[in-house]
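K.L.:
Below is the structure I would like to discuss, written out as structure tokens.
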Amino acid sequence: MNSSPSSFLAGAACTAAALLLYQSCIILVGDKLFTKSGGPSCGSSAKISGDQSTSSKQTTKPADGAAAEATCFDSPDLDQRIIRKAEGAICKRTSRLIIVVERCTNDHNYSAILRTAEALGVQNIWIISPQTINATLELDNTQGTDESNIDKIAENATMRRSSGPIVRAATDTEKKDRAMHHLYARKATEWLTVRDFEDTKTCIESLREEGYQIWATDLGQEASCLTEDGIRQHLGGGTYDGGKLIPNKVAIVFGTEAVGCTTEMLNAADLRVYLPLRGFADSLNLSVATALVVHQMFVLDPSLEGAMTEEERRELRQAWYAKLASQRLLSSADKKRRGKLTAYLEGCAAIEKKMKAGEVVYKEEREKWSKMDAKRAELNAIEEKLAADSKKAVKELVDNPPSPITDMRRADEHRICFVGKNTKKASPWQDMPATRKIAVTKYATAAFFRERVATNEEKKD
């Protein structure tokens, strides 16, 4: 079933509520109230201290009391806010838990799983390649794949059902919604470490080599219930090292939509687990099951949050900080030029594919293709300068990060809903925080990075 971006966001909110209701409890944080303010309340640009040491041991978040005292909200008045937010995500990332997706055959589920993993703070996603992937949206690559021309992408796209047939009655709006969903997933992968495997055997061997236990999701009656009682029963009333209900390093495996994990994976698993369901339906959509299971694992072992070595964190800072800078250093004109060059080269690639296949190639297409090398050189020059400037902008921040945002919810000023202008104006959506698009000029992140590049250039001179 297709949904609009607004309903997609509403569904995400409902899913979050369902995750909490699933635990059948309300957690009270105490009677302390926290005000949403910026600057000093979020600390200085000092390196994070406490449990996040520079040793190679996996570290965890501070004690609840300490975390509460240090609560830092996102705010338009907060300096270095985008770097602080990245640092907040890094501090909550875990490498103790790996999500393994075995032979998923639906790209829509793939994209939802990737987005879920990123949102829940799981850094490593291992994918065992399926025999076939049913793409639910085929794009015309000559249009490019940038958000700025999403309307053109939708006009020339072909929408398919997960079983393969073309959805001939699909509207441009439905295709645009699906294209946006894929774009969200592509953005999520920018902050994930994804590793691909050709077969199950190789994946199992790699997990064993890296010291991970394997938990496979399974609907069979041999599986253990993924609850505290279920895990304790499996362990004969005991726990894992340190009194934990989750192993120190564990991979949770999700199988194909139709039949679940393969027999090979189930036989290799240290434990088969399932989520208790209460209705006639005995299974869930793959991406929904992934969200509920992974969330439940964090509930069973809260120390999973932030369980990552300082060396791993530093690697993420180097990659993420530079990426955030590169997304903001280019001027509007340069961004448009880069987008046009990228689309031009994608068009040339499509023409080259036709030439290799012996298809008819028209004169204007050959003329376009003949300029491909020059256009690629121009794009490479832009990218190389951008990469160099990005490294300059964040060089000092990698070793001396600012205090992180500890509550990842956006300020109302930064909540932007990807819906049309008419929808934003229509009742009951108008004047909602997610549709107002409030102008923010203070502490603009683009200016912050550009100033750092200029400062480093002055020091160099």
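The values are calculated or read from the model by the stated rules, or taken from the named source; none is laboratory data. For clarity, every value in this text was computed on a predicted model and none was experimentally measured. A quick note on method: Cβ atoms are made from the backbone with ideal geometry, for glycine too, and the neighbour counts reach across all protein chains shown. SASA here: full protein model, heavy atoms, side chains in, ligands and nucleic acids out. Shrake-Rupley method; radii C 1.70, N 1.55, O 1.52, S 1.80 Å.
K.L.:
How much accessible surface does Phe449 have with a 1.4 Å probe, in Å² rounded to 10?
P.N.:
Counting only protein heavy atoms, Phe449 exposes about 0 Å² to solvent.
K.L.:
If you project the alpha carbons of region 191-233 onto the principal axes, what extent comes out on each, in Å, largest first?
P.N.:
In descending order, the Cα extents are 33, 24, 20 Å.
K.L.:
With a 1.4 Å probe and all protein chains kept in place, how do Trp191, Trp126 rank by accessible area, largest first?
P.N.:
Correct descending sequence by accessible area is Trp191, Trp126.
K.L.:
May I ask you to compute the full-extension gain from Ala357 to Asp270, defined as 0.36 nm times their residue separation minus their alpha-carbon distance, rounded to one decimal in nm?
P.N.:
Extra length available between Ala357 and Asp270 comes to 26.5 nm.
K.L.:
Ordering Arg278, Arg436 from largest to smallest accessible area (1.4 angstrom probe), what's the sequence?
P.N.:
If we order Arg278, Arg436 from most to least accessible, we get Arg278, Arg436.
K.L.:
Name the residues of region 306-340 whose amide N is less than 17 Å from a point 7 angstrom out from the Cα of Lys395 along the C-beta direction?
P.N.:
Backbone N within reach: 318-319, 321-323, 325-326.
K.L.:
For region 328-379, rounded, prolate or oblate, judged on the Cα gyration tensor with a ≥ b ≥ c (square roots of eigenvalues), a/c < 1.5 rounded, else prolate if a/b > b/c?
P.N.:
It is prolate, given that a/c is not under 1.5 and a/b is the larger ratio.
K.L.:
Amide H of Arg93: which non-local residues (sequence gap of 5 or more, or other chain) have their own amide H closer than 5 Å, using H built in the peptide plane?
P.N.:
Gly306
K.L.:
On to the next question. Quick one: 3J(HN,Hα) in Hz for region 205-221, Karplus 6.51/-1.76/1.60 with θ = phi - 60°, rounded, Gly and Pro as x.
P.N.:
Values per residue, Gly and Pro as x: 4, 5, 4, 5, 4, 8, x, 9, 6, 10, 10, 10, 6, 7, 8, x, 6 Hz.
K.L.:
Given bins 5 angstrom wide, list per bin the percent of all Cα-Cα distances in region 296-348, short to long.
P.N.:
Percent of Cα pairs in each bin: 4, 15, 12, 11, 13, 12, 9, 9, 9, 5, 0.
K.L.:
Now for a separate question. Just the number, please: Stokes-Einstein D of region 210-275 in µm²/s, Kirkwood Rh from C-alpha pairs, 10 °C, 1.306 mPa s.
P.N.:
129
K.L.:
Moving to a separate point now. Could you give the length gained by full extension between Cys225 and Ala447, i.e. 0.36 nm per residue of separation minus their alpha carbon distance, to one decimal place?
P.N.:
74.8 nm
K.L.:
Pulled fully out, how much extra length does the chain show between Lys385 and Lys336, if you take 0.36 nm times their separation in residues and subtract their Cα-Cα distance?
P.N.:
Working it through step by step, the gained length comes to 16.0 nm.
K.L.:
Let me make sure I get this right: for region 301-419, a, b and c are the square roots of the gyration tensor eigenvalues over alpha carbons, sorted descending. Under 1.5 in a/c it's rounded, otherwise prolate if a/b > b/c, else oblate. Which is it?
P.N.:
prolate
K.L.:
Once ligands and nucleic acids are excluded and a 1.4 Å probe is used, how much of Cys225 is accessible, expressed in Å² to the nearest 10?
P.N.:
About 30 Å², rounded to the nearest 10.
K.L.:
Accessible area, 1.4 Å probe, largest first: how do Asp218, Asp74, Asp282 sort?
P.N.:
Asp282, Asp218, Asp74
K.L.:
Based on the alpha-carbon gyration tensor of region 351-413 and its eigenvalue square roots a ≥ b ≥ c, which shape applies: rounded if a/c is under 1.5, prolate if not and a/b is larger than b/c, or oblate?
P.N.:
Verdict is prolate for region 351-413.
K.L.:
Then there is this: Non-local amide H neighbours of Trp126 (under 5 Å, H modeled in plane, Pro and chain starts lacking H): which ones?
P.N.:
For Trp126, whose amide H was placed from the backbone, the distant partners under 5 Å are Ile99, Val100, Val101, Arg195.
K.L.:
If you don't mind, another one. If you count only protein heavy atoms and use a 1.4 Å probe, how large is the accessible surface of Glu210, to the nearest 10 Å²?
P.N.:
Looks like 80 Å² after rounding.
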